[in-house]
1. Collect residues whose amide H, placed 1.01 Å from N in the peptide plane, falls under 5 Å from the amide H of A:L78; neighbours closer than 5 in sequence don't count.
2. With each label point set 7 Å from Cα along the Cα-Cβ vector, what nm distance links A:R91 and B:Y184?
3. For A:R91, what accessible surface area do you get with a 1.4 Å probe? Give it in Å², rounded to 10.
4. Along each of its three principal axes, how wide is the spread of alpha-carbon positions in region B:76-139, in whole angstrom units, largest first?
5. When the expected Rg is taken as 2.2 N^0.38 Å, what fraction or multiple of it is the alpha-carbon Rg of region B:87-192?
6. All other residues with a Cβ under 15 Å from the Cβ of A:P85 taken together, and with Lys, Arg as +1 and Asp, Glu as -1, what is their net charge?
7. Of the listed peptides A:120-126, B:84-90, B:231-237, what is their order by residue-averaged count of other C-beta atoms within 10 Å, with the highest listed first?
8. What is the angle, in °, between the Cα long axis of helix B:152-164 and the longest principal axis of the Cα atoms in chain B? Nearest 10 is fine, range 0 to 90.
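The values are calculated or read from the model by the stated rules, or taken from the named source; none is laboratory data. Because the structure is predicted, anything quoted here is derived from the model rather than measured. A quick note on method: Cβ atoms are made from the backbone with ideal geometry, for glycine too, and the neighbour counts reach across all protein chains shown. With ligands, DNA and RNA removed, areas are computed over all heavy atoms of the protein, side chains included. Shrake-Rupley method; radii C 1.70, N 1.55, O 1.52, S 1.80 Å.
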Amino acid sequence: MINIKNLKKSFGKNEVLKGIDLDINNNGIFAILGPNGSGKTTIIKSILGLVVPDEGDIVLQQKNIARNWKYREYVNYLPQIARFPENLKVRELIDMVKDLRNSPAHEQELIELFELNTSLDKSLKNLSGGTRQKVNVVLSFMFDNPILILDEPTVGLDPVAMIRLKKLILKERKKGKTILLTTHIMSVVEELADEIVFLLEGKIHFRGSLEELNQRAQGKNLEHSIAKILENGMEQEAQITDPVNSRQLNFQQRYA
Amino acid sequence: MLKIFKYSFFDLIRSRWIYAYFSFYLITAISLLYISNDLNRAILSLMNIVIILSPLIGTMFGVMYYYNSREFVELLLAQPVKRTAIFLGQYLGLTVSFSLSFGLGLGLPFLFNGILGSEEIGNFLILLLNGTLLTFIFTAIAFLISLLNENKIKGFGLAIIIWLFFAVIYDGLFLLSLVIFEDYPLDSFALIASIFNPIDLSRIFMMLQLDISALLGYTGAVFNKFLGTNMGIVVALISSLLWVFIPVKGFLHYSLKKDF
């Protein structure tokens, strides 16, 4: 389905991805986690062809995506920030995306699910942030495609909409789709994710199930495990790069 | 590409700016026609406005539109659509809607003043053509600038500088070089120098068409002397088209390499 080999990307001097190898060959929900700036969004955008990699290959449905655009027919994407042309109405935007993709869509049930019926004839500039995010969700879920990529899907949603979105994501998984997801809300990961891909400083630090991660990090829940991994990671780095600091750390550990 | 063009066009023709632009030209044309009561003079006065204002509006709106639609472009880029189609579609949406509001704003008052039956129809059409060409040229430059600069402030600053350079500074530098090198034959230098400034080209184009030698200026006179009126018009037109083509090619090429 998605095969990434030795993916590297720098923005100026900032090396964001330092050789990512990732194979996702089965269905399910994959949560891509990591601290801020670890390269989550860059991986997602590379898969979508929004970011041009410096090195490495991405193969999607057996096709290399470099200089290719047709493959995006199989991918639905929910971007992080929802901003649309201001003067268009919601209905027109939905029709536009349908027209661009030229494929059947089931937007009506989603519009009802997120109670957007009253907003359909409003201009997008008059919508609140949460309503825009709902429109964003409708746009990315209304097509039946095998791969779904969600970048922070729950941002700005009220609890009711959030619960409905989670149900929707689980429903899509049941249909046999591959879903990639990034989020900072750990409860979402605990509820939804089948597998976790943990990024640290541009590399994959861990990949496996939630239980494996908790076991390995010895945290009582995901939040603690991740905090532990991050602390350990920083400690290791401090020991390698800075002997004075590491001595202090050891001292602190001994007398803590 | 046509789909993107269609949607950005319909988005834009509902924006206030387009109406403001339309009203500005409408009011200016009406007042100039009323004051001068002469089609030819009104065309001449409008030309002076058009060759400064069209580039300014083209650059400013090009940059503004690009930065405003940044996130929307991201959404489009995630659809199965070619990158070049997205940017070309948006570019055409912007240029066509602005050219239309420019054309209608000037066209309606002239239509009511009987431009169709008069001898000035040719001159008027050339004025419209020039305004449109300048819009296409400077919007393309604006797209190129904003694609190259992630930073909005930098993009806007650069766009203003480029406009100022072609509209004002270029002429100053040109005159300065004429004074400094007055002992040398400068005809071919002047000819080439004017080709490198789209605003100058447009002015020469108009002046050759209107056949006003007093207002041709030095570069215009050189154009006239070396190429004759007709050949001069052809060269000015081809160079202007190149001025559209090269920046468009540039921003399309760069769009393929850019990260979003």
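1. Answer set, sorted by chain and number: A:I149, A:L150, A:D151.
2. 6.8
3. 70
4. 52, 19, 14
5. Numbers: Rg = 18.7 Å, N = 106, 2.2 N^0.38 = 12.9 Å.
Scaled against compact globular proteins, the figure is 1.44.
6. On the way: positive: A:R83, A:K89, A:R91, A:K122, A:K125, A:R132, B:K3, B:K6, B:R14, B:R16, B:R70; negative: A:E86, A:E92, A:D95, A:D99, B:D11, B:E71, B:E74.
Charge balance near A:P85 sits at +4.
7. Values: A:120-126: 14.3, B:84-90: 21.3, B:231-237: 18.7.
Going from most to least packed, we get B:84-90, B:231-237, A:120-126.
8. 10
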